[in-house]
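The values are calculated or read from the model by the stated rules, or taken from the named source; none is laboratory data. Predicted model only: the values in this text are computed from it and were never measured. All Cβ positions, glycine included, derive from the backbone under ideal geometry; neighbour counts span all protein chains shown.
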Amino acid sequence: MSAKLSIQEYDKLLTQPGSPYEMLEEVVEGRKLLVWKHTPRTFRDLIMDKFQKWTPREAISDPVPEPSDFYARRHTSYGEMYGLSLQMGAWLREQGVKQGERVGLGGLNSMGFIVAFCGIHLIGAVPVMLNATLTADTQLHCLGLTKPKLTLVDQHSGMIIGPIAAELKARGVGPTYCYDKIGHLPAKVQAGLIEMAPVASPNTVLSVQTGQGLGNLGPDSDAVIFFTSGTTSKPKGVICTQRQCLHHVVASSIPAARAVMRGGGTLEDAFAVHTPPPEPGVMLIAVPLFHVTGCLGWMMRAWFLGFKIVFMRRWNVDDAVTLCIDEKINLIGGVPAIATAIIQSPKLPKDHVFDGLTYGGAPPPQRLASDIAARWPAASATHAYGMTETNGLQVALTGADYHERPESVGLSIPTSGMRVVDEAGLPLPPNTMGLLQCSGANIMKCYVDNPAATAEALTSDGWLNTGDVALICPEGFLYIRDRAKDVIIRGGENIASAEVENEVFKDDRIAECAAVAVPDERLGELVGIAVSLAPGASATPESVLATAYPRLRHPARPIVCVILDALPRNPNGKMVKNDIKKIVVEKFETAKRAKVDIVGHSTDLLKAKL
């Protein structure tokens with residue numbers, strides 16, 4: 001088939017009646033929306049279907065909880081997961097948890113976390129996904145905001161939540177149960193936790209298995225509460241419905257199906273992308289399940305396809321490479337830094353083959369797609385864009401389109417929309433920079449008990465203000481230029497941090513880069529960068545800047561460079577630019593006080609060059 005059709009024409013073919021991507025128009029909350037015809041109605045439906053379908057297959061390889069040996073692992077089949085999840089759901093029902101009630105869930109990636117998540121959904125309850133890395137004060141905020149009937153945690157989250165049990169009770173939060181052993185934890189932690197044994201009566205298990213009491217559970221029922229990253233303020237709770245979350249089941253394969261069609265493949269070839277292969281893939285998921293990327297983008301995709309998930313105790317590139325070899329991992333997902341670190345690792349065997357590398361959550365280096373193609377020509381590289389409020393995937397790019405447009409984020413999925421508006425909210429024409437808005441059946445319901453923030457984020461007709469500065473080309477490809485708050489304004493000149501970062505990344509010595517603003521009395525802001533180096537590489541700040549300068553327009557040239565072992569990131573792998581900025585600004589101010597900047601010029605001479 002010719003690749004001369006428009007994106008809209010290809011989408012019309014892909015979504016025609018009878019296809020796996022068929023769409024319907026439904027009225028949701030008073031608005032007409034396009035929805036997938038063949039997505040599961042609820043998480044319960046997905047779990048009941050796929051866990052039984054893939055019963056003999058291995059579902060999870062994860063570290064054995066402490067105090068076991070650090071490298072000890074356990075392997076669990078889909079059939080075992082199904083049985084454990086039914087027991088968990090029945091146990092929750094016997095604790096009095098009803099459909100629609102909230103259950104806190106805090107933990108690192110593990111089999112226990114998934115069993116708890118599934119058990120909650122099997123009885124139609126709503127998991128409150130706690131960020132397992134947050135401080136006690138922030139956990140108190142999140143739990144006090146959502147007031148779950150009870151909370152399930154692993155020992156890691158128990159260490160944080162156990163000592164604040166009395167404060168949680170005072171805020172109307174139910175008791176906290178730990179699904180790991182707690183005997184080795186400090187006494188003050190144990191005092192606030194209950195070690196659970198999720199065993200229920202056969203009659204209760206049967207009631208969960210047959211779905212008794214869940215007649216009102218449907219696509220528009222509340223499904224999950226995620227929390228925003230909270231890098232600049234307290235995390236906001238995002239309420240998402242079953243339909244909003246489960247759009248991922250179908251949407252996640254649309255970018256690859258489009259790529260097949262645009263590459264000259266047939267409709268049958270494109271539809272095959274959505275069909276589970278005979279041999280299951282093996283996914284390394286090194287991003288947390290308590291965020292949308294890990295939970296909706298990867299875990300649900302694995303369930304749908306019957307793939308095996310491999311978890312790590314904590315991220316370490318050497319351990320990741322070892323797991324890739326031992327577990328025969330052929331699929332990697334997460335933030336771009338994960339793919340970059342594995343590609344750059346000298347310990348990865350030359351003959352190890354990946355079939356797919358998918359990343360999002362942060363801007364990838366423009367060279368990443370070509371680096372992947374050079375190492376693994378047959379592998380698919382996919383860049384996806386979304387946020388907590390979009391329930392993950394909103395826009396994505398893969399195949400030849402990605403290689404031809406490495407600076408683009410991609411195309412909107414067919415059930416969703418995107419537009420660029422001015423500060424008054426009026427749509428702008430193609431190739432015009434403005435503020436990005438997104439729409440669709442995947443957009444969040446609201447923020448928990450925060451109508452003001454909801455009204456600020458959502459327009460009256462359902463468009464989500466993303467906070468990103470972007471443009472859309474005439475063909476429909478999206479180009480994110482920056483977060484609105486991350487644009488560097490130098491003497492009235494807007495400089496996107498990604499513009500600087502992509503040029504710095506062309507230096508093979510660089511593993512990570514972040515461009516931030518540093519204050520300047522005359523021009524308002526100047527560009528500063530922080531970088532980390534690839535394994536085995538050596539560089540000085542002077543050499544990094546000297547390499548980058550010829551590639552950058554004059555206003556975008558960094559005035560300071562700081563080399564770090566690793567750049568600060570939040571648990572989902574996103575760079576914490578506030579922390580990075582503090583480091584770079586401190587270095588810049590120290591250099592100014594010393595009358596010498598970081599590359600050895602006097603500041604008087606430096607100002608003359610500006």
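Observations on the structure shown:
- Those strands (runs of 3 or more DSSP E) lying entirely in region 270-361 with at least 3 residues within 23 Å of I254 (Cα to Cα) and touching a Leu at 6+ places or on another chain (Cβ under 7 Å): 282-285
- E501 satisfies every condition listed in (1) in a loop (DSSP other than H, G, I, E, B); (2) under 23 Å from A369 (Cβ atoms); (3) charged (D, E, K, R) except (1).
- Scope region 69-93; condition in contact with a helix residue (DSSP H, G or I) (Cβ under 8 Å, 6 or more places away or on another chain), crowded, with 17+ Cβ neighbours inside 10 Å and not hydrophobic (A, V, I, L, M, F, W, C); matching residues: T76, Y78, Y82, S85, Q87, G89, R93
- Hits in region 302-340 - residues which are farther than 29 Å from P67 by Cα, of a type outside the set (F, W, Y) and at pLDDT 95 or above: L305, G306, N330, L331
- Checklist (1) of a type outside the set (A, V, I, L, M, F, W, C); (2) in contact (Cβ under 8 Å) with a residue 40 or more places away in the chain; (3) part of a helix (DSSP H, G or I) applied to D180, failing item: (3)
- With respect to the conditions (1) free of Cβ contacts under 8 Å to residues at least 12 places away in the same chain; (2) more than 23 Å from the chain's Cα centre (by Cα), I488 falls short on a single one, namely (1).
- Of everything listed in (1) more than 28 Å from the chain's Cα centre (by Cα); (2) over 28 Å from W315 (Cα atoms), the single unmet condition for D69 is (2).
- Scanning region 165-188 for residues that are hydrophobic (A, V, I, L, M, F, W, C), within 22 Å of H141 (Cβ to Cβ) and in contact with a strand residue (DSSP E or B) (Cβ under 9 Å, 6 or more places away or on another chain) yields a total of 4.
- Options V103, V115; residue that is within 20 Å of L46 (Cα to Cα), of a type in the set (V, I, T) and in contact with a strand residue (DSSP E or B) (Cβ under 7 Å, 6 or more places away or on another chain): V103
- Output for region 514-551, where each listed residue is touching a residue at least 60 places away in the same chain (Cβ under 8 Å) and out of contact with any Leu (no Cβ under 6 Å at 6 or more places or on another chain): V516, A517, P519, R522, L523, L526, G528, A534, P535, G536
- Residue tally, condition over 23 Å from L305 (Cα atoms) and at pLDDT 90 or above, over region 341-366: 11
- A424 fulfils the conditions (1) assigned to a strand (DSSP E or B); (2) over 20 Å from the mean Cα position of the chain (by Cα); (3) of a type in the set (A, V, I, L, M) except for a single criterion, (1).
- When residues of region 124-140 are limited to those that are farther than 16 Å from C295 by Cα and at pLDDT 95 or above, the one surrounded by the most Cβ atoms within 10 Å (Cβ to Cβ): G124
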